[in-house]
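Take a look at the structure set out below.
The values are calculated or read from the model by the stated rules, or taken from the named source; none is laboratory data. Keep in mind the model is a prediction, meaning the values are calculated, not measured. Cβ placement follows ideal geometry from the backbone for every residue including glycine, while neighbour counts extend to all protein chains displayed. When the accessible area is computed, the model is the full protein with side chains, heavy atoms only, and any ligands, DNA or RNA have been set aside. Shrake-Rupley method; radii C 1.70, N 1.55, O 1.52, S 1.80 Å.
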Amino acid sequence: MNEIISLAEMAAKTLTTDVIHLLRIELGEHGTVASMGNQVLIKISQADFESRLGNMLQQIQRVIDQHFPARQNHLSIIIQDNEARYQNVFKIWKSA
């Protein structure tokens, strides 16, 4: 049983690491992307948070669906402004 849990945790970490690498390329200079446990943390400017958040969420969803269409795990993504005053947390569900 512990082996199955370890394999699932390793798969989740691998997916998270791959997504972080992809989003770093996709966002370029518009944000920083890091790991926070099994979550993806994206930090952007307050101006981008206030004006581009909706478009950014769609862009992230589209890129992840395009590059990782068959996901075995959910992804939890946190987007914050650089001063950590504003935050949005959302999930991208695993494939059906």
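Could you check, for the range 69-76, whether at least one of its residues is more than 15 Å from THR16 (Cα to Cα) and exposed (fewer than 13 other Cβ atoms within 10 Å of the Cβ)? Checked the range 69-76: no residue is more than 15 Å from THR16 (Cα to Cα) and exposed (fewer than 13 other Cβ atoms within 10 Å of the Cβ).
Condition check for ASP48 on (1) of a type in the set (Asp, Glu); (2) open to solvent by less than 40 Å² (accessible area, probe 1.4 Å); (3) at pLDDT below 90: one failure, at (3).
Residues that are of a type outside the set (D, E, K, R) and over 18 Å from ARG24 (Cα atoms) within the range 55-87 comprise PRO69, ALA70, GLN72, ASN73, HIS74, ALA84, TYR86, GLN87, listed in sequence order.
Among residues of the range 67-92 that are part of a strand (DSSP E or B), those with a Cβ under 6 angstrom from a residue that is open to solvent by 90 Å² or more (accessible area, probe 1.4 Å), sequence gap 6+ or separate chain, pair up as SER76/LYS91; GLN80/GLN87.
Within the range 5-30, residues that are within 17 Å of ILE92 (Cβ to Cβ) and at pLDDT 60 or above reach partners that are open to solvent by 80 Å² or more (accessible area, probe 1.4 Å) and assigned to a helix (DSSP H, G or I) with beta carbons closer than 9 Å, at six or more positions or on different chains, in the pairs ASP18/HIS67; VAL19/HIS67; LEU22/HIS67. Mind listing just one residue for me: the one in the range 17-44 that is in a loop (DSSP other than H, G, I, E, B) and among the small types (Gly, Ala, Ser) and, of those, surrounded by the most Cβ atoms within 10 Å (Cβ to Cβ)? Step by step, filter the range 17-44, then rank; the result is GLY31.
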